[in-house]
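Chemist: Below is one structure. I have some questions about it.
The values are calculated or read from the model by the stated rules, or taken from the named source; none is laboratory data. Every value quoted in this text rests on a predicted model; they were computed, and no experiment measured them. Cβ atoms come from the backbone with ideal geometry, glycine included; neighbour counts cover every protein chain shown.
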Amino acid sequence: MTVDPAPASPALRSSAPRVPAARLGVAVVHDLVTEIVTGEVAPGEALPTEERLAQHFGVSRTVIRESVKRLEEKGLITSTPGRGTIVEPTTSWNILDSVVLSVMLENDDSLGVLDDLAVIRGALEGAMAAATASHHSDDEIAQVLSSLEEMERTVDDLDEFPDADLRFHFLVMTLSRNELASNITKILFTRARQSARFLGHQTSDAHQITLDEHRRVYEAIATGDVAGAEQAMRSHIIDAWQRRRFPTRRET
């Protein structure tokens, strides 16, 4: 005797697969962070109630509850009994958080965030270049030279050169032995490189200028010129960003 299988439930018969709650939560968190970063919900204001947010996003209150918890972990909001969920001032935000930083860059129409990022990178990487110049070994100098030579080989390659450039910076950071500054800068640098605004329009002419600036960094490190290494790295980062921010007619 053959037993017919039980009919599938309406949910299982649906052709559209269910979106996991975790993925829904990622989208909700991104949208809520965007609302806060862009000032749609200003510091001191309260987020809508859990019920209203669930209706707005078309998700369960559980997803909203978990998403709000993520925002609180990022320093964007504080839940206070009797007051609701209040948006915190920018000074409380975890700027190094991947979502917060990405959303800030996505909405950086004035390029002010990238301007600030260049200043921060210049200060941190300048200090790390100085540290590397102050205590390098012969083997470490050979590593920096090898990295510079890789940049020289790829200077006309618009795809390979930026990666060689990145490896030079990361090497100098590593050799500085300042792990905190290195980790902070790598987070900022890696996230910024995902922004088209940060990358700008790459040209071989710009690459040659960048290569010359890296050569000055190497020479200062190799000769133990601490002040020179700091200045060369800081100037390179600021100047390279200004070239990408305000490209010349020839570069465009």
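Chemist: Restricted to the stretch 38-81, and to residues that are in contact (Cβ under 8 Å) with a residue 24 or more places away in the chain and of a type in the set (K, R), which residue is farthest from G25 (Cα to Cα)?
Modeler: Filtering first and then ranking leaves K74.
Chemist: Take the residues of the stretch 212-229 that are over 16 Å from L171 (Cβ atoms) and β-branched (V, I, T): which is surrounded by the most Cβ atoms within 10 Å (Cβ to Cβ)?
Modeler: V226
Chemist: So which of E213, E219, E149 is in contact (Cβ under 8 Å) with a residue 24 or more places away in the chain and assigned to a helix (DSSP H, G or I)?
Modeler: None of the others qualify; the one that does is E213.
Chemist: Quick one: is L175 under 22 Å from H201 (Cα atoms), of a type in the set (A, V, I, L, M) and at pLDDT 95 or above?
Modeler: In short, no.
Chemist: Among the residues of the stretch 25-73, what is the count of those that are in a helix (DSSP H, G or I) and under 19 Å from D97 (Cα atoms)? Don't jump to the end; show me each part of the working.
Modeler: Step one: of the stretch 25-73, the residues in a helix (DSSP H, G or I) are 25-37, 50-57, 61-73.
Then drop every residue that is not under 19 Å from D97 (Cα atoms), which leaves 25-37, 66-73.
The total comes to 21.
Chemist: Looking only at residues in the stretch 154-174 that are out of contact with any helix residue (DSSP H, G or I) (no Cβ under 8 Å at 6 or more places or on another chain) and not in a loop (DSSP other than H, G, I, E, B), which one is farthest from R193 (Cα to Cα)?
Modeler: E160
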